[in-house]
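Q: Take this structure, written in structure tokens, and hold onto it; I'll ask about it next.
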Amino acid sequence: MQPQCSWTRTHAQMLRPLSHKCSVFSEHWLKAAHSHSHSHSVRRSHNRPTFRATMSTVPTRKESLPAQDGSSQKAPQPLQVAKRLEKFKTTIFTQMSMLAIEHGAINLGQGFPNFDGPEFVKEAAIQAIKDGKNQYARGHGIPEFNAAIAERFKKDTGLVVDPEKEVTVTSGCTEAIAATILGLINPGDEVILFAPFYDSYEATLSMAGAKIKGITLRPPDFAVPIDELKSTVSKNTRAILINTPHNPTGKMFTREELNVIASLCIENDVLVFTDEVYDKLAFEMDHISMASLPSMYDRTVTMNSLGKTFSLTGWKIGWAVAPPHLTWGVRQAHSFLTFATSTPMQWAASVALRAPDSYYVELKRDYLAKKAILVEGLKDVGFKVFPSSGTYFVVVDHTPFGLDDDIAFCEYLIKEVGVVAIPTSVFYLNPEEGKNLVRFTFCKDERTLRSAVERMKEKLRKK
Ligand code: GLN
């Protein structure tokens, strides 16, 4: 396997002047796409031996030591990465956001708002810093924030949890996922994942040595294929990872689907890890937490964060709620991953979670307006737009425009139209399954959304 973009490489390129024409995307990704092979270097071959150790093609550290004379003319160091991460590339979100900057394209790719979070939360952070809340926090969270999370969880799910024993504060939901997987999954354990999925799930499962089984959610409604699920879950399954509302599709798991998953988990003694970071962006139906289903709390880790709900994705404040016997594993991994999370931000996050209901009502109202602009716009442009019930994403079929696949389409969209979307094939175990679909986000101000739609109306032509 070829070494690909690594952080070293990416950083080097990020630091180049923006006028520099060379892009990570074009070098490592588009070229690969054009070579048409489905097992090419950037897309992941679905036949790859997922967890079998492969011989590394990356030279060892010894071979690549730089000259010791301090000369500035060193040969570039070969890229290095541990085998368990060899098959992963620079995340698609990083690649696309860099390209947006490079090409001056409107970024409807990576899901981060281009507007700021609420004043009362920012003020609370400033105040906490001024008040000297600046040393290490308690590993599993400052007591005030653990309590605020427990209160929020009770409001949302009706479940009463012990803030001291069942709540763990993490550095974003991404760390909650990592701590949950690394703390509760043994090498060789089978974990079921619904595709398309957030790329960090697969990479973290790989770091834990898990055996992944994927179940694909297919358009138009991305419904759970119940029969396939029933034949996949067995006594060998250790955990099922779900994400509702679901990134990238906007699908929300229905009560019926959750009931089927729950009964399979109870029958086969399976854990559920559930990422619910978009729970406050539930538009077309009510969000249901798996933990709230009968007998499920005891086998569920519920994860959430501040980023999406408070438009503060850069704060990286997340948490995991789970019964004490599962919290133990989560906390053990968390203590050695990050130990503790930013203290002043936890103080501010405690204030945020106690926001009045009106905050959440307004948030939804604002996002509904944005969603309407994007969805109507994309339909006018000529896309087949799939219904999205929650999240700030919408998935479309790009094939009316005649490009070969999602990667070719996104390349065209950036270079010729000036808009960034996310190709979805990278979110499948078998990339073929995502080749007709791309994801747009509407977490941008209305003017930006309208300009993106205008650009597409002007420059995209149906074939
Ligand atoms: N969750 C964000 C998205 O889907 C990306 C997070 C990241 O960049 N790792 O756009």
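Quick note: the coordinates plus some simple rules give every number you see, no bench work behind them. Bear in mind that the values here come from a model prediction, so they are computed numbers and not experimental data. Every residue, glycine among them, receives a Cβ derived from its backbone with ideal geometry; neighbour counts consider all protein chains shown.
Q: Can you list the helices (runs of 4 or more DSSP H) lying wholly within segment 64-171 that have 3 or more residues being in contact with a Lys or Arg (Cβ under 7 Å, 6 or more places away or on another chain), of a type in the set (Asp, Glu) and closer than 26 Å to SER305 by Cβ?
A: Numbers: elements: 92-103, 119-130, 143-157.
Where helices (runs of 4 or more DSSP H) fall fully within segment 64-171, none carries at least 3 residues being in contact with a Lys or Arg (Cβ under 7 Å, 6 or more places away or on another chain), of a type in the set (Asp, Glu) and closer than 26 Å to SER305 by Cβ.
Q: So, of the residues in segment 202-227 that are acidic (Asp, Glu) and either free of Cβ contacts under 8 Å to residues at least 40 places away in the same chain or surrounded by fewer than 18 Cβ atoms within 10 Å (Cβ to Cβ) (or both), which turns out to be nearest to MET285 (Cα to Cα)?
A: ASP221
Q: Output the residue which, of all residues in segment 393-412 that are of a type in the set (A, V, I, L, M, F, W, C) and touching a residue at least 60 places away in the same chain (Cβ under 8 Å), is nearest to LYS280 (Cα to Cα).
A: Within segment 393-412, the match that is nearest to LYS280 (Cα to Cα) is PHE393.
Q: Considering ILE407, ILE373, which residue is in contact with a Pro (Cβ under 9 Å, 6 or more places away or on another chain), surrounded by 18 or more Cβ atoms within 10 Å (Cβ to Cβ) and either among the charged types (D, E, K, R) or in a helix (DSSP H, G or I) (or both)? Give the derivation first.
A: Numbers: ILE373 fails: in contact with a Pro (Cβ under 9 Å, 6 or more places away or on another chain).
Sole residue among the options that is in contact with a Pro (Cβ under 9 Å, 6 or more places away or on another chain), surrounded by 18 or more Cβ atoms within 10 Å (Cβ to Cβ) and either among the charged types (D, E, K, R) or in a helix (DSSP H, G or I) (or both): ILE407.
Q: Considering THR216, THR237, THR244, THR300, which residue is under 26 Å from ASP199 (Cβ atoms) and within 16 Å of the ligand (Cβ to nearest atom)?
A: THR244
Q: Output the number of the condition that ASP199 fails; it satisfies all remaining conditions of (1) surrounded by fewer than 22 Cβ atoms within 10 Å (Cβ to Cβ); (2) more than 16 Å from the ligand (Cβ to nearest atom).
A: (2)
Q: Would you mention how many residues in segment 122-143 are charged (D, E, K, R) and under 27 Å from the mean Cα position of the chain (by Cα)?
A: The number of residues fulfilling the criteria is 2.
Q: Considering only segment 155-181, state which residues are more than 17 Å from THR274 (Cβ to Cβ) and more than 16 Å from the ligand (Cβ to nearest atom).
A: Once the filter is applied, which keeps residues that are more than 17 Å from THR274 (Cβ to Cβ) and more than 16 Å from the ligand (Cβ to nearest atom), segment 155-181 yields LYS155, VAL160, ASP162, PRO163, GLU164, LYS165, VAL169.
Q: For segment 378-399, name all the residues that are touching a helix residue (DSSP H, G or I) at 6+ places or on another chain (Cβ under 8 Å) and either within 16 Å of the ligand (Cβ to nearest atom) or within 19 Å of GLU411 (Cβ to Cβ) (or both).
A: LEU378, VAL381, GLY382, PHE383, SER388, TYR392, VAL394, VAL396, HIS398
Q: Here's another thing I want to ask about it. Go through segment 243-273 and give me each residue that's buried (at least 22 other Cβ atoms within 10 Å of the Cβ) and closer than 24 Å to LEU437 by Cα.
A: If the condition is that a residue be buried (at least 22 other Cβ atoms within 10 Å of the Cβ) and closer than 24 Å to LEU437 by Cα, then ASN243, THR244, PRO245, HIS246, ASN247, PRO248, THR249, GLY250, LYS251, MET252, PHE253 are the ones that fit.
Q: I'd like the full set of residues that are among the basic types (Lys, Arg) and over 24 Å from SER295 (Cβ atoms), limited to segment 246-263.
A: Selection gives LYS251 alone.
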